[in-house]
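J.: Quick one: the structure is below, and I'll ask about it shortly.
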Amino acid sequence: MSYQSERDIEIPRLIDFLDRHSDEIETVLDVGCYGSKYLEEIKKRGKHIDGIDFTEGEKEKEILENYFIGDFLEKDLSRYDLVICLSTIEHYGVKQRPDPDHTGLQLFLFEKLVLTAEKFLFVTFPYGLPAIHENELSIISQFWLDRFLGVLGDVKYKLSFYYNDNPQSGSGWLEISKNEADKKQYNPNRGVQCVCILEVEK
C-alpha cells in the first residue's frame, strides 16, 4: 500500500521494529492515532492497542481497545510496553494546542512519551534546518533533537534519517547521514522531504 507521503518509510520501519520485538510487547499506545492506517497491522499481531488524538475517528474506534479523545499532555494514562508517535510531535504547539513556545511544548510532549513507554518508544518527525509552516508544523532541528536525546539519558536508541526529493510520489525514500539531514531545508510547497526515525529501547 502506498500512502503518498512520509508514511511510506515510517510504517514499514515501524512494523519491522514491532516484529523484531514482538515477544517483549503486549500493550501499545499510539499518540496521534487519527488516520493511522497501520493500526490494523498492529492489531493483527495480537497486541492490545490504545490510541489518543484530538480528533474523534469512527474507524479507529472499531480497531482500538480504547480511544482517548483529547490532549495527551493532560491525560493520566498507564504505561505501555511500546509507545508510538508518528509525525505528530511537529504539530504540537503549532496546529494542535497553539503556543508561542511551541518548541518547549514539543519537548514537554517528548518527555511524557518517554515516561509513558515502559520498554520501547518509536517516534518520527520531519527534520532539518529550523522552519515553521504556519498553523501546520515546525521542523525539528539538530538543536531540538539533541534536547530530545538528553531526555533519554543512558537508554539505548537508534537514529535513522531518510530523504525523498519528491515525497508525494510515495516512493524514493533514501537513507542519508545525519550530517546531510542537518542541512535539509523545508519547502512548504513540496511537503515533508526529510524524516528522522528514533527507536528507543529501555
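Computed from the coordinates by the stated procedures, all read-outs in this text should not be read as laboratory data. Note that the structure is predicted; figures quoted are calculated from it, not measured. Please note: Cβ atoms are built from the backbone with ideal geometry, for glycine as well, and neighbour counts cover all protein chains shown.
J.: Using a 10 Å cut-off on Cβ atoms, rank the peptides 122-132, 37-47, 67-77, 104-114 from the highest mean neighbour count down. All intermediate terms of the calculation are to be shown ahead of the outcome.
T.: Values: 122-132: 21.6, 37-47: 15.5, 67-77: 13.5, 104-114: 19.2.
The most tightly packed comes first, giving 122-132, 104-114, 37-47, 67-77.
J.: Mind checking the full-extension length gain between Asp71 and Asn135? Use 0.36 nm per residue of separation minus the Cα-Cα distance, one decimal, nm.
T.: Numbers: separation 64, 0.36 × 64 = 23.04 nm, distance 1.73 nm.
So the extension gain works out to 21.3 nm.
J.: What number does the chain give for Rg over Rh if you use C-alpha atoms and the Kirkwood radius?
T.: Rg/Rh for the chain comes to 0.93.
J.: Using Cα pairs closer than 8 Å and at least 6 residues apart in sequence, work out the relative contact order for the chain, in percent. Numbers along the way, then the final one.
T.: Working: 382 pairs, mean separation 42.3, N = 202.
Averaging sequence separation for qualifying contacts and normalising by length gives 21 percent for the chain.
J.: Here is a follow-up. So which helices of the chain fit the span-like rule, where a helix is a whole DSSP H run, its Cα atoms reach 18 Å or more along the axis, and its mean Kyte-Doolittle is at least -1.0? Please list the in-between numbers first.
T.: Numbers: long enough: 7-20 (19 Å, -0.37); 102-116 (21 Å, 0.86).
Helix filter hits for the chain: 7-20, 102-116.
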